[in-house]
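Heads up: the structure comes next, in structure tokens.
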Amino acid sequence: EKMYDVIILDYWIEFDQGLDMLVKRLRHRFPYSTLIILKTWNPSMFRRKGSTLSPISHSFDYWKQTTGMDDPDKSIEELLAALSADTGHWFLPHQQHANKAVEEISTKYGVLTFSLPLLPTGIETLMTYL
């Protein structure tokens, strides 16, 4: 039987589709392994509002379509220039239910959790990591 020192799960978004059972089985099968749940995000998960007070938000992909930035001939420089000129409010929606569930699983099975860093604002995060 193979042994593993570290097992990393990039499972955050789909936490409600069997994460508890998966971690339970992994912990049982590999009791001495370090288990890590990694919280990642991608630009498509970001949302944009016209302002911080606006009740309506749209996805990053929708913004790209409506601004023509989804054109495959556009360069990353053009995309970044369009983003920096945009006056909307960009944010990554809070996933409090996912955070709480993963925290409970972490405590229950001795799992470490790490998150891909976010900068103070959504636009800073997008501009830095794109």
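The values are calculated or read from the model by the stated rules, or taken from the named source; none is laboratory data. Just so we're clear, the structure is a prediction, and the values are computed from it rather than from any experiment. Neighbour counts run over all protein chains shown; Cβ positions are idealised from the backbone, glycine included. When the accessible area is computed, the model is the full protein with side chains, heavy atoms only, and any ligands, DNA or RNA have been set aside. Shrake-Rupley method; radii C 1.70, N 1.55, O 1.52, S 1.80 Å.
Taking the conditions exactly as written (within 17 Å of the chain's Cα centre (by Cα) and without any contact (Cβ under 8 Å) to a residue 24 or more places away in the chain), does GLN65 satisfy them or not? Steps first, answer last, please.
Numbers: within 17 Å of the chain's Cα centre (by Cα): no; without any contact (Cβ under 8 Å) to a residue 24 or more places away in the chain: yes.
So GLN65 fails the test.
Does ARG47 qualify as being charged (D, E, K, R) and under 23 Å from the mean Cα position of the chain (by Cα)?
On the way: charged (D, E, K, R): yes; under 23 Å from the mean Cα position of the chain (by Cα): yes.
In short, yes.
Based on this model, can you work out whether GLU1 counts as over 24 Å from the mean Cα position of the chain (by Cα), modelled with pLDDT under 90 and in a loop (DSSP other than H, G, I, E, B)? Steps first, answer last, please.
Details: over 24 Å from the mean Cα position of the chain (by Cα): yes; modelled with pLDDT under 90: yes; in a loop (DSSP other than H, G, I, E, B): yes.
The answer is yes for GLU1.
For the stretch 117-130, indicate whether the set of residues that are under 30 Å from TYR32 (Cβ atoms) and in contact with an Asp or Glu (Cβ under 8 Å, 6 or more places away or on another chain) is non-empty. Even if it seems obvious, please write down each step before you answer.
Here is the first cut: in the stretch 117-130, the ones under 30 Å from TYR32 (Cβ atoms) are 117.
Within this subset, residues satisfying the condition of being in contact with an Asp or Glu (Cβ under 8 Å, 6 or more places away or on another chain) are none.
Checked against the condition, which is being under 30 Å from TYR32 (Cβ atoms) and in contact with an Asp or Glu (Cβ under 8 Å, 6 or more places away or on another chain), the stretch 117-130 yields no hits at all.
Just to be sure before I move on: is THR113 open to solvent by 50 Å² or more (accessible area, probe 1.4 Å), more than 29 Å from LEU130 (Cβ to Cβ), touching a strand residue (DSSP E or B) at 6+ places or on another chain (Cβ under 7 Å) and in contact (Cβ under 8 Å) with a residue 12 or more places away in the chain in the structure I sent? Give the derivation first.
Details: open to solvent by 50 Å² or more (accessible area, probe 1.4 Å): yes; more than 29 Å from LEU130 (Cβ to Cβ): no; touching a strand residue (DSSP E or B) at 6+ places or on another chain (Cβ under 7 Å): yes; in contact (Cβ under 8 Å) with a residue 12 or more places away in the chain: yes.
No, not satisfied.
Give the stretch 116-127 a look and list any residue that's over 15 Å from THR40 (Cβ atoms) and either exposed (fewer than 12 other Cβ atoms within 10 Å of the Cβ) or of a type in the set (Gly, Ala, Ser) (or both), or say none.
PRO120, GLY122
Condition first: in contact (Cβ under 8 Å) with a residue 24 or more places away in the chain and surrounded by 14 or more Cβ atoms within 10 Å (Cβ to Cβ). Now tell me which residues in the stretch 81-90 satisfy that.
Answer for the stretch 81-90, where residues must be in contact (Cβ under 8 Å) with a residue 24 or more places away in the chain and surrounded by 14 or more Cβ atoms within 10 Å (Cβ to Cβ): LEU83, ASP86, GLY88, HIS89, TRP90.
Which residue pairs have Cβ atoms under 7 Å apart, sit 6 or more places apart or on different chains, and have a first residue in the stretch 49-60 that is open to solvent by less than 80 Å² (accessible area, probe 1.4 Å) and a second that is part of a loop (DSSP other than H, G, I, E, B) and of a type in the set (A, V, I, L, M)?
Pairs found: LYS49/ILE56.
Return yes or no: is GLU124 acidic (Asp, Glu) and under 30 Å from ASP20 (Cα atoms)?
Numbers: acidic (Asp, Glu): yes; under 30 Å from ASP20 (Cα atoms): no.
Criteria not met by GLU124.
Taking the stretch 4-31 as the search range and keeping residues that are among the aromatic types (Phe, Trp, Tyr) and over 22 Å from LYS100 (Cβ atoms), which one is modelled with the highest pLDDT?
At the first step, the residues of the stretch 4-31 found to be among the aromatic types (Phe, Trp, Tyr) are 4, 11-12, 15, 30.
Next, from what is left, pick out any that are over 22 Å from LYS100 (Cβ atoms): 4, 30.
Numbers: TYR4: 80, PHE30: 94.
Within the stretch 4-31, the match that is modelled with the highest pLDDT is PHE30.
Just to be sure before I move on: is PRO93 within 30 Å of LYS24 (Cα to Cα), in contact (Cβ under 8 Å) with a residue 40 or more places away in the chain, surrounded by fewer than 13 Cβ atoms within 10 Å (Cβ to Cβ) and within 15 Å of the chain's Cα centre (by Cα) in the structure I sent?
Judged against the criteria, PRO93 is a match.
Test THR34 against the criterion of being open to solvent by less than 70 Å² (accessible area, probe 1.4 Å), at pLDDT 90 or above, out of contact with any Pro (no Cβ under 7 Å at 6 or more places or on another chain) and under 21 Å from ALA101 (Cα atoms), and give yes or no. Walk me through how you get there before you give the answer.
On the way: open to solvent by less than 70 Å² (accessible area, probe 1.4 Å): yes; at pLDDT 90 or above: yes; out of contact with any Pro (no Cβ under 7 Å at 6 or more places or on another chain): yes; under 21 Å from ALA101 (Cα atoms): yes.
Considered against the rule, which asks whether it is open to solvent by less than 70 Å² (accessible area, probe 1.4 Å), at pLDDT 90 or above, out of contact with any Pro (no Cβ under 7 Å at 6 or more places or on another chain) and under 21 Å from ALA101 (Cα atoms), THR34 comes out as yes.
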